[in-house]
1. State all residues of the stretch 376-394 that are surrounded by fewer than 22 Cβ atoms within 10 Å (Cβ to Cβ) and outside any loop (DSSP other than H, G, I, E, B); if no residue qualifies, say none.
2. Residue pairs, Cβ under 9 Å, 6 or more apart or interchain, first in the stretch 297-321 and without any contact (Cβ under 8 Å) to a residue 24 or more places away in the chain and within 15 Å of Gly349 (Cα to Cα), second in a loop (DSSP other than H, G, I, E, B) and β-branched (Val, Ile, Thr). List them.
3. Specify which of the listed residues (Leu434, Leu397, Leu418) is surrounded by 23 or more Cβ atoms within 10 Å (Cβ to Cβ) and either closer than 18 Å to Phe71 by Cβ or out of contact with any Pro (no Cβ under 9 Å at 6 or more places or on another chain) (or both).
4. Kindly establish whether Trp172 is within 15 Å of Leu358 (Cα to Cα) and in contact (Cβ under 8 Å) with a residue 24 or more places away in the chain.
5. crowded, with 23+ Cβ neighbours inside 10 Å, within 28 Å of Ser448 (Cα to Cα) and modelled with pLDDT of 85 or more: which single residue out of Leu16, Leu12 fits that description?
6. Among the residues of the stretch 99-126, count how many are in contact with a Ser or Thr (Cβ under 7 Å, 6 or more places away or on another chain) and assigned to a helix (DSSP H, G or I).
7. Name the pairs: first residue in the stretch 141-168 and more than 17 Å from Arg389 (Cβ to Cβ) and polar (S, T, N, Q), second residue at pLDDT 80 or above and not in a helix (DSSP H, G or I), Cβ to Cβ under 9 Å, at least 6 apart or on different chains?
8. May I ask you to list the residues in the stretch 159-209 that are among the polar types (S, T, N, Q), at pLDDT below 85 and more than 18 Å from Gly349 (Cα to Cα)?
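The values are calculated or read from the model by the stated rules, or taken from the named source; none is laboratory data. Remember, it's a predicted structure, so these values are computed and weren't measured experimentally. Cβ coordinates were reconstructed from backbone atoms using ideal geometry, including for glycine residues, and neighbour counts include every protein chain displayed.
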Amino acid sequence: MANLPAWGQDDLPEPLPYSWRNALRTVGPGAILLATSIGGGEWLVGPSISVRYGVGVMWVATLGIVLQVLFNLEAIRYTLYTGEPILSGIMRLKPGANFWGTAYVVMAIVQLGVPALGLACAAVLLTALTGELPGPGDQAKLTWLTYLVLLATLAVLSLGGTVERTLERVSWAMIAYIMVFLTFVNVAFVPFAHSRETLGGFFQFGRLPSGMDWTWLAALAATAGSGGIGNLTITNWVRDKGFGMGARVGAIPSAVGGRQIELSHNGKVFPLTDANRARWKTWWRFIVLDQAWLWGAGCFVGMYLNVNLATAITPAGTDLNGEAAGAFQAQYMAERMWRGLWYLGLLNGFWILFSTHLGNTDILVRTITDVTWVASARLRAAPKLGVGRVYFSVLLLCTAWNAVAVHLGSAMQLFKFLASIAAIVMVPASLQILRINTTLLPPELRPSWWRRAALVACAAFYATVSLFVVKKLLMA
């Protein structure tokens with residue numbers, strides 16, 4: 001298997017008995033990914049594209065979410081069996097760990113190496129402080145507020161027992177506020193007939209209006225769920241949470257307050273005994289709940305509620321240009337019900353964008369850390385280093401770079417770029433997961449034919465979207 005060592009062997013850990021109470025104690029990676037996913041797609045892209053082109057185009061979001069759920073489940077299948085994140089599995093493919101490790105680190109940096117959502121957070125904060133959208137003369141204020149967002153991100157990702165546990169706790173709090181607020185304002189401001197019409201738009205498969213901007217479509221397809229490197233990183237959080245054989249491998253500890261946790265660079269697999277087969281089935285039920293019903297359904301509801309509100313209160317055809325969508329909604333609600341909704345609406349937007357920026361930062365840092373930890377024996381052998389210090393060092397470097405990258409473009413320009421890269425990443429990753437799960441896993445644990453077909457469909461869908469984006473760029 002390329003140039004990584006063979007797996008160790010141990011029994012599959014015993015999961016809690018499957019029940020709703022135990023499910024609440026067990027799930028968590030899906031909450032982190034949901035907080036990361038309900039971000040630019042829901043606050044920037046979804047409302048803007050649906051107001052401009054109509055809700056009939058939202059079937060692209062539905063298809064993207066369904067395909068990404070199946071993608072995530074198949075990536076996690078590998079992690080449940082080996083305890084390794086899926087990128088370690090990809091590094092076991094030819095031509096080897098160094099090639100694929102380097103390739104995915106580069107893709108992660110290209111996709112997530114700019115603070116698009118950090119800039120968007122700063123814009124929301126400045127809007128709340130001044131009462132109006134930032135203008136050309138506000139660039140210095142936006143830059144300083146972005147620095148504050150970057151420092152807050154650094155603090156959150158440095159504290160706690162493990163990075164995964166800290167993210168999980170923060171994510172649950174953010175999700176609770178976002179969902180409660182969105183549900184309230186949809187009930188208060190949107191007629192039932194309009195809500196029903198919006199829901200129908202998410203299932204009008206195949207409808208594309210003339211003159212559609214394919215960069216918008218790529219952004220919607222990718223960020224309706226997570227997109228690209230984010231989907232792959234779900235397996236890292238699954239490992240750190242201790243799902244399946246992840247409990248035999250370890251986790252990435254936080255820099256401050258982290259426990260003494262070891263992280264093995266190599267996975268362990270289990271023998272196919274009757275006891276391990278029964279445990280596998282229970283673990284798989286928890287994973288389906290975490291991904292399909294917590295993450296997948298949460299992504300759909302988050303997108304629906306944001307789009308439903310935007311199309312109900314914004315004149316059709318309005319060009320919101322992404323960044324103005326949330327402020328327009330907050331102003332509308334404040335004028336018609338209560339001035340406090342201006343601040344609550346912008347706070348909702350801030351949590352949506354900050355949670356995504358926080359998750360994206362961890363995804364980038366975690367990808368670089370995990371890949372280098374697995375690939376470099378010299379790094380693992382360094383005295384008193386440890387994976388936690390590697391993570392924190394990479395986090396400091398990424399924070400410093402983001403402080404420079406705030407000057408590379410507007411939040412919307414940077415976000416559309418990263419979303420397009422996310423769509424491209426999904427193509428090879430889907431096919432590589434298919435290869436891994438049908439060759440490295442024992443036949444009994446391999447995916448069924450329709451799951452294999454879903455991975456091919458995922459690659460084909462994102463390849464099509466990406467080709468149209470590339471074509472548009474070449475013709476520009």
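1. At the first step, the residues of the stretch 376-394 found to be surrounded by fewer than 22 Cβ atoms within 10 Å (Cβ to Cβ) are 376-386, 389, 393-394.
Ala377, Arg378, Leu379, Arg380, Ala381, Gly386, Arg389, Ser393, Val394 - these are the residues of the stretch 376-394 that are surrounded by fewer than 22 Cβ atoms within 10 Å (Cβ to Cβ) and outside any loop (DSSP other than H, G, I, E, B).
2. That search, which allows pairs on different chains as well, returns nothing.
3. Unique residue meeting the criteria: Leu418.
4. yes
5. Of the residues listed, the single one that is crowded, with 23+ Cβ neighbours inside 10 Å, within 28 Å of Ser448 (Cα to Cα) and modelled with pLDDT of 85 or more is Leu12.
6. 7
7. So the pair list comes out as Thr143/Val406; Thr143/His407; Thr146/Pro115; Thr146/Val406; Thr153/Pro115.
8. Residues satisfying the conditions are Thr162, Thr166.
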